[in-house]
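Participant: Here it is: the structure, laid out below.
The numbers here are math on the coordinates, done by the rules we state, and not lab data. Just so it is clear, the model here is predicted, and its values are computed rather than measured. Every residue, glycine as well, gets a Cβ built from its backbone with ideal geometry; the counts of neighbours run over all protein chains shown.
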Amino acid sequence: MPAAVALNATLDEIAQVTDPYMTPSERLRRNLLYLTRSRTGYTYMQDCGIRVDRRMITAWLAEERCPRPEQQQRLENAFRLLRRRNMAPSMTRRLNDGGGTRVEIYPVDQSEVDDRHRRTARWRHRTSTAGTPSSRPGRAATCTR
């Protein structure tokens, strides 16, 4: 997994964008309530391709009508974008609190990283000695801390 994808997934998790326990109807309601709370939410919906009037959104919220699957996906995309935008200032404050926080992201598999840019992290060094179970074929070496 590329580092950017891993970082994005972690930030979504922190921002509570993804919740595997929500039903599709709960997710739809959460997205609609979040997006219709401000004028910016309507702008994000339009940017993501949702072109409906307020009556249709009201019908969706009242569960009288249900958006098509592609509209639901667009609502989800608009929700994610707006949530990330709104979470950025609070996450920046959290990282800068107390003099700042240094964040470095290293890919676990550094085989595709140029030699001059590779980083060694002590938790990644693998050790094995002859005769130990970790040196047998088919078994992974143990990690040291």
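Participant: Based on Cα positions only, what radius of gyration and what Dmax would you give for segment 3-96, in angstroms?
Facilitator: My reading of the Cα-based Rg and Dmax gives 14.0, 46 Å.
Participant: Whole-Hz ³J(HN,Hα) for each residue in segment 6-17, computed from phi via Karplus 6.51 cos²θ - 1.76 cosθ + 1.60 with θ = phi - 60°, x for glycine and proline: what do you get?
Facilitator: Rounded to whole hertz, the list is 5, 5, 4, 5, 5, 5, 5, 5, 5, 7, 6, 7.
Participant: Same structure, new question: Quick one: net charge of residue 92's neighbours, Cβ under 13 Å, K/R +1, D/E -1?
Facilitator: With Lys, Arg at +1 and Asp, Glu at -1, the net is +3.
Participant: Where does the charge balance sit around residue 13 when Lys and Arg score +1, Asp and Glu -1, over other residues with C-beta under 15 Å from its C-beta?
Facilitator: +2
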